[in-house]
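Undergrad: Right, I'll just put the structure down here and ask away after.
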């Protein structure tokens, strides 16, 4: 290949890793819920969207400062997560997984509908709060929003992992994921673990939503992002946190490369081909196992 | 039949449990005296495991009371009962797969730790470290006592059935219970494993002063090590008392064999006694 533009490849790759970080973040939220409660949460994209709209409401409508807006959006999403768990998920305890799955499908429609009722179906812009100077990595230029979004995602992922590694709630989560009855009989408050995971996952998703929303724009169709997240977690193996992280970066890269070199319409084709390929080689995803893994 | 004990550690008083139209337990009453080994026996489907699940707080009875050291615990959630000192094992082993033996046992002390991030930050003083050390000592004693030192770092999924049962018991002991509930501790074990387990159960009572309540089908073992036997059939207590009394009870013989075949049961029981 003569005159291949390596600089461009680097820039495209950085952009891919950037959006991959956000996939990883959303994937983490998904895996937390799946690990603890065995619920396949199809509404993960809509939970991201809700976080972004909460942020919009706090900053643009209420006129609160950015940082307060972020905190308000995170808290609002946490409450939403708790309400979803209490009203929709807990009554379904012990029901067939497919029923719970369908509940989350319905939930995503309800969330989209609610957003359209309150804020309308038009695209909205989130206030700019990230530095706008172009970032240079070596000679490669990276969009500042993607760069700082990636940093924020990495920092948040690290925080969540550390908290669950060293805080006793993480132990309770692992035990619950492994055997609910045993955990319950050993003094672990399983319903509280359930509700806690939904709260934490909703909060993580909210931050993801704020970043995604400020990189592109805000609209009720933002939840489509969740479709890619689903690919990410299946590639990684549903119950594996490292899987979600690696899967996120991988899908981000593949999307960015195909988008640039083949055209945007090939993005979905490429990610789903990746999914099919990986499932053919490793039916439980990259890191997923029959056994529950350590968080 | 011995009269009611002065201070039972566990009282089951008229407990009734129904699933829809099916009555699993019907007015079940008995008492567990502290420091004893009490066994619940009965044919399959008699309600033994339902009774266990009710005592440990998985099911809540429609009527009746459960008292632990005189305190009403009928409505208490399972985790709180664990904190009070009720530990149990499961009929189908319920270990945390994917974790090691030691991790499983360590989780036994979970119920005694204070929860909350704030607690952990504020309360990491010397007293707490001391408490942790004490508990680690107890874990070592349990591992030693149950002879599972050689597998302490093995993942539980890789262990034989008999060893898994033993690890489950170790985990329950790590909760430092006052009452240890064993759901079929020797089911599916060979003679040698059964004898080992019977010895462990007796030693747990002697060395740790733990009261034992167990469900078991192995009549030889039940009659051998129990102080008190409760017989359930169709969700009702049909007999209770010392092993010898229960063995001779015609109602019990009928429940196990249907009518008429008394000689055969007597023979089997005698055999079991001789073998054990």
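Undergrad: Among B:160, B:56, B:226, which one shows the highest mean-square fluctuation when chain B is modelled as a Gaussian network with alpha-carbon springs under 10 Å?
TA: B:160
Undergrad: What distance in nm separates the simple spin-label points at residue A:93 and residue B:267, each placed 7 Å from Cα in the Cβ direction?
TA: 5.1
Undergrad: Here's something else I'd like to know. Looking only at A:281, A:224, A:160, which one moves most when chain A is put into a Gaussian network model with springs between Cα atoms under 10 Å?
TA: Evaluated over chain A, the most mobile residue of the options is A:281.
Undergrad: When the helices in chain A are scored as -39500 (n - 2.57) per DSSP H run of 4 or longer and the sum is shared across all residues, what 222 nm value do you end up with, to the nearest 500 deg cm²/dmol?
TA: Working: 11 runs with 201 residues, N = 295.
When only DSSP H runs of four or more count, the value is -23000 deg cm²/dmol.
Undergrad: While we're here: Just tell me how shielded B:74-87 is by partners: mean number of partner chain Cβ atoms within 10 Å of each residue's Cβ, no decimals.
TA: Mean inter-chain Cβ contacts per residue within 10 Å come to 3.
Undergrad: Sequence gap at least 6, Cα distance under 8 Å: using those rules, report the relative contact order of the range A:1-147 to the nearest whole percent.
TA: 30
Undergrad: Right, another one. Given contacts defined as C-alpha pairs under 8 Å and at least six residues apart, what's the relative contact order of chain B, whole-number percent? Provide the component values of the computation, followed by the final result.
TA: Details: 466 pairs, mean separation 71.1, N = 276.
RCO, chain B: 26 percent.
Undergrad: Using only atoms on other chains, find how many Cβ atoms lie within 10 Å of each Cβ of peptide A:167-178 and report the average.
TA: Details: counts 5, 8, 4, 0, 7, 3, 0, 5, 6, 1, 2, 10.
Counting Cβ atoms of other protein chains within 10 Å of each residue's Cβ and averaging gives 4.
Undergrad: For the residues B:149, B:13, what sequence is obtained by ranking on other C-beta atoms within 10 Å, fewest first?
TA: B:149, B:13
Undergrad: Taking other Cβ within 10 Å of each residue's Cβ, how do A:150, A:129, A:166 sort, fewest first?
TA: A:166, A:129, A:150
Undergrad: Here's a follow-up. Counting only helical runs of four or more DSSP H residues, what would the 222 nm mean residue ellipticity of chain B come to if each run contributes -39,500 (n - 2.57) and the total is spread over all its residues?
TA: When only DSSP H runs of four or more count, the value is -12500 deg cm²/dmol.
Undergrad: Hey, what angle do you get for helix A:241-261 against the long axis of chain A, alpha-carbon based, 0 to 90 degrees rounded to 10?
TA: 30
Undergrad: At 0.36 nm per residue, and after removing the present C-alpha to C-alpha distance, how many nm does the segment from residue A:162 to residue A:62 gain when stretched out fully?
TA: 32.6 nm
Undergrad: Right, something else. Mind checking which of A:70, A:44, A:211 has the largest fluctuation in a GNM of chain A, springs on alpha carbons under 10 Å?
TA: Its mean-square fluctuation being the largest, the pick is A:70.
Undergrad: Still on this structure, please answer the following. When only Cα pairs under 8 Å and 6 or more residues apart are kept, what is the percent relative contact order across chain A?
TA: Taking the mean separation of contacting Cα pairs over the length of chain A, I get 36 percent.
Undergrad: Enter the angle in degrees (range 0 to 90, nearest 10) between the Cα long axis of helix A:225-236 and the first principal axis of the Cα atoms of chain A, meaning the one along which they spread out most.
TA: Around 70 degrees separate the two axes.
Undergrad: Among B:190-202, A:244-256, what's the highest-first ranking by average C-beta atoms within 10 angstrom per residue?
TA: A:244-256, B:190-202
Undergrad: Take the Cα radius of gyration of the range A:17-105 and divide it by 2.2 N^0.38 Å, with N its residue count; two decimals is plenty.
TA: 1.22
Undergrad: Taking R0 as 56 Å, what's the FRET efficiency between residue B:227 and residue A:105 from their Cβ-Cβ distance, rounded to 0.05?
TA: Calculated transfer efficiency: 0.50.
Undergrad: Based on the Cβ-Cβ distance from residue B:245 to residue B:137, what FRET efficiency comes out when R0 is 35 Å, to the nearest 0.05?
TA: Step by step, r from the Cβ atoms, then E = 0.25.
Undergrad: Name the shape class, rounded, prolate or oblate, that the alpha-carbon gyration tensor gives for the range B:1-88, where a ≥ b ≥ c are the square roots of its eigenvalues, rounded holds for a/c under 1.5, and otherwise prolate holds if a/b is larger than b/c and oblate otherwise.
TA: Oblate shape, in that a/c is at least 1.5 and b/c is the bigger or equal ratio.
Undergrad: When the chain is fully extended, how far beyond the present Cα-Cα distance does residue A:282 get from residue A:83, taking 0.36 nm per residue of separation?
TA: Once the chain is fully extended between residue A:282 and residue A:83, it gains 68.0 nm.
Undergrad: Compute the helix-to-body angle for A:144-166: its Cα long axis versus the longest principal axis of chain A, expressed 0 to 90° and rounded to tens.
TA: Between the helix axis and the principal axis of chain A, the angle is about 30 degrees.
Undergrad: Sticking with this structure for a sec: How large are Rg and Dmax for the range A:6-281 when only the alpha carbon atoms are used, in Å?
TA: Here Rg and the maximum Cα pair distance are 18.5, 59 Å.
Undergrad: With the Cα gyration tensor of the protein assembly as shown giving a ≥ b ≥ c as the square roots of its eigenvalues, does the rule (a/c under 1.5 for rounded; else a/b larger than b/c for prolate; else oblate) give rounded, prolate or oblate?
TA: prolate
Undergrad: Can I ask one more? Subtract the Cα-Cα distance of residue A:141 and residue A:8 from 0.36 nm times their separation in residues, and report this length gain in nm to one decimal. If you can, show how the numbers build up before the last one.
TA: Numbers: separation 133, 0.36 × 133 = 47.88 nm, distance 0.90 nm.
47.0 nm is the gain from fully extending residue A:141 to residue A:8.
Read-outs: derived from the displayed coordinates by stated rules, not from any lab. The structure presented is a predicted model; accordingly, all values stated were derived computationally and were not measured. Backbone-built Cβ (ideal geometry, glycine too); neighbour counts: all protein chains shown.
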